[in-house]
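Below is one structure. I have some questions about it.
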Amino acid sequence: MKTNRVVILGDGGWGTALAIVNERRGNDVLLWSAFPDYAKVLKEKRENIKFLPGVPLSSKIRISADLKEAILFGDIILLAIPSQFLRNILHKLKELPFQKKIFVSVAKGIEKKTCLRPSEIIQTILGGETPVVVLSGPSHAEEVARGFPTLVVVASKNEKDATYVQQAIKDTYFRVYVQYDMIGAEMGGALKNVIAIAAGVCDGLKYGDNTKAGLISRGLLEMARLGIRMGASPNTFYGLSGLGDLVATCFSPYGRNLRVGYELGEGKKINEILSKMEMVAEGVDTAWSVQELNRRVHLELPVMGEVYKILFEHKAPRQAVEDLLNRDVHQELKQY
């Protein structure tokens, strides 16, 4: 099996889990942290005590806070950086010899000011010819790092790039599929976080499984509706980066966006919730981006619209649910 040189930019839980997967697979791995002090902690403890506690880091995984060292080290660059911070890191990276590298975006969000997907941000800054692959699917870091069987998908417009990344990072417990709908893979990964906030609201309000299942079903339709308008294939939303990721995020105790929604449903305010979180809940800013996108395309996105109102207009969660239920009834699948 070929050994690859893989860099993971970002020391969060997901970035750390990907470092563990790649080392287990037999790749040479470097994990980069934006914070020199925390890079020292990672080196000394051999454990990501803040974002992935309880999982040891192999001594074979190199750890660095030097971005130039990281870029020179790797042939495959995994960008495990939240969408809202990606642009800043890429501007720094642009000054380095990044050519001939393949970039793999694993972020699941939409940039707030521009409404760009991560792959679009990458190619806007590094150039349209930069090879970009998207990795998405139901993949909680806590389970991936512990070797629980996980199925994900890599998507690229370039079949050769997607297949190369697939072969480079897959192993027995990390099964990687290939597809070519980058838009759908990114939109599915981002939009499911908004629906997960809504699912969490239902949990916080102590509604039952019927409510949550209905909301997830309608939420999936909204994800597909907006994704298709952005250029995605409908089928993508019924695969790993759509339905698969949505189910995992809406039911897992590890779900950050689900937790945000739960606390909103309990009556807490969003600023209070976010101030206590170490990790980023991408669905919050993505809800804003969805609202902005929908001002341009004018689609029927009632669930995501109510999430926006709860987050940014301080609407009462129970009122939001009641308003959804009191909408005019119509055919179930009248349109994407």
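Looking at region 247-263, can you tell me whether even one residue there is among the basic types (Lys, Arg), under 16 Å from the mean Cα position of the chain (by Cα) and within 19 Å of PRO138 (Cα to Cα)?
Yes, region 247-263 contains a residue that is among the basic types (Lys, Arg), under 16 Å from the mean Cα position of the chain (by Cα) and within 19 Å of PRO138 (Cα to Cα).
Scan (1) out of contact with any Leu (no Cβ under 9 Å at 6 or more places or on another chain); (2) surrounded by fewer than 22 Cβ atoms within 10 Å (Cβ to Cβ); (3) of a type outside the set (A, V, I, L, M) for the single condition GLN291 breaks and write down its number.
Of everything listed in (1) out of contact with any Leu (no Cβ under 9 Å at 6 or more places or on another chain); (2) surrounded by fewer than 22 Cβ atoms within 10 Å (Cβ to Cβ); (3) of a type outside the set (A, V, I, L, M), GLN291 misses just condition (1).
I need a count of the residues in region 162-179 that are closer than 13 Å to PHE148 by Cα and buried (at least 19 other Cβ atoms within 10 Å of the Cβ).
1
Still on this structure, I have one more. Can you spot a residue in region 183-197 that is under 26 Å from GLU142 (Cα atoms), out of contact with any Asp or Glu (no Cβ under 6 Å at 6 or more places or on another chain) and among the basic types (Lys, Arg)?
no
Additional query: Return the residue satisfying two criteria in turn: it lies in region 95-116 and is in contact with a Gly (Cβ under 9 Å, 6 or more places away or on another chain) and basic (Lys, Arg), and of such residues it is surrounded by the fewest Cβ atoms within 10 Å (Cβ to Cβ).
Within region 95-116, the match that is surrounded by the fewest Cβ atoms within 10 Å (Cβ to Cβ) is LYS101.
Regarding region 218-229, can at least one residue be identified that is of a type outside the set (Lys, Arg), under 19 Å from ASP285 (Cβ atoms) and out of contact with any Leu (no Cβ under 8 Å at 6 or more places or on another chain)? Lay out the reasoning, then the answer.
First pass over region 218-229, keeping only residues of a type outside the set (Lys, Arg): 219-224, 226-228.
Now drop any that are not under 19 Å from ASP285 (Cβ atoms), which leaves 219, 222-223, 226-227.
Next, only the ones that are out of contact with any Leu (no Cβ under 8 Å at 6 or more places or on another chain) stay: none.
Scanning region 218-229, I find no residue that is of a type outside the set (Lys, Arg), under 19 Å from ASP285 (Cβ atoms) and out of contact with any Leu (no Cβ under 8 Å at 6 or more places or on another chain), so the answer is no.
Which members of region 63-88 meet the condition of being of a type outside the set (D, E, K, R), within 21 Å of the chain's Cα centre (by Cα) and either surrounded by 18 or more Cβ atoms within 10 Å (Cβ to Cβ) or not in a helix (DSSP H, G or I) (or both)?
Matches in region 63-88: ILE76, ILE77, LEU78, LEU79, ALA80, ILE81, PRO82, SER83, GLN84, LEU86.
Among the residues of region 145-156, write down those that are assigned to a loop (DSSP other than H, G, I, E, B) and surrounded by 17 or more Cβ atoms within 10 Å (Cβ to Cβ).
Answer for region 145-156, where residues must be assigned to a loop (DSSP other than H, G, I, E, B) and surrounded by 17 or more Cβ atoms within 10 Å (Cβ to Cβ): ALA145, SER156.
Now for a different question. Of the residues in region 131-151, how many are charged (D, E, K, R) and under 16 Å from the mean Cα position of the chain (by Cα)?
Within region 131-151, residues that are charged (D, E, K, R) and under 16 Å from the mean Cα position of the chain (by Cα) number 2.
Quick check on this structure: which one of GLU186, GLU222, GLU159, GLU142 is farther than 24 Å from LEU324 by Cβ and either surrounded by 24 or more Cβ atoms within 10 Å (Cβ to Cβ) or assigned by TED's automatic domain parsing to the domain that holds LEU301 (or both)?
From the options GLU186, GLU222, GLU159, GLU142, the qualifying one is GLU186.
Closer than 22 Å to GLY239 by Cα, in a loop (DSSP other than H, G, I, E, B) and either within 21 Å of the chain's Cα centre (by Cα) or not assigned by TED's automatic domain parsing to the domain that holds ASP245 (or both): which single residue out of GLY128, GLY109 fits that description?
When all the criteria are applied, what remains is GLY109.
Given the criteria outside the structural domain of ASP285 (by TED's automatic domain parsing) and either at pLDDT 95 or above or under 30 Å from ARG327 (Cα atoms) (or both), does VAL154 qualify?
Judged against the criteria, VAL154 is a match.
While we're here: Answer yes or no as to whether SER33 is of a type in the set (S, T, N, Q) and either within 22 Å of THR130 (Cα to Cα) or without any contact (Cβ under 8 Å) to a residue 12 or more places away in the chain (or both).
No.
Another question, if that's okay. Name the residues in region 253-273 that are part of a helix (DSSP H, G or I), in contact (Cβ under 8 Å) with a residue 12 or more places away in the chain and either loosely packed, with under 14 Cβ neighbours inside 10 Å or of a type in the set (D, E, K, R) (or both), would you?
Those that are part of a helix (DSSP H, G or I), in contact (Cβ under 8 Å) with a residue 12 or more places away in the chain and either loosely packed, with under 14 Cβ neighbours inside 10 Å or of a type in the set (D, E, K, R) (or both): ARG256, ARG259, GLU263.
Given the structure, is ASP328 in a helix (DSSP H, G or I) and acidic (Asp, Glu)?
No, not satisfied.
A quick yes/no check of all residues on (1) among the β-branched types (Val, Ile, Thr); (2) farther than 17 Å from GLY15 by Cα:
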{"site": "PHE73", "(1), (2)": "no, no"}
{"site": "ILE76", "(1), (2)": "yes, no"}
{"site": "LEU79", "(1), (2)": "no, no"}
{"site": "PRO82", "(1), (2)": "no, no"}
{"site": "LYS94", "(1), (2)": "no, yes"}
{"site": "GLY109", "(1), (2)": "no, no"}
{"site": "ILE125", "(1), (2)": "yes, yes"}
{"site": "VAL133", "(1), (2)": "yes, no"}
{"site": "HIS140", "(1), (2)": "no, no"}
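The values are calculated or read from the model by the stated rules, or taken from the named source; none is laboratory data. Because the structure is predicted, anything quoted here is derived from the model rather than measured. For neighbour counting, all protein chains shown are included, and Cβ atoms are generated from backbone atoms with ideal geometry for every residue, glycine included.
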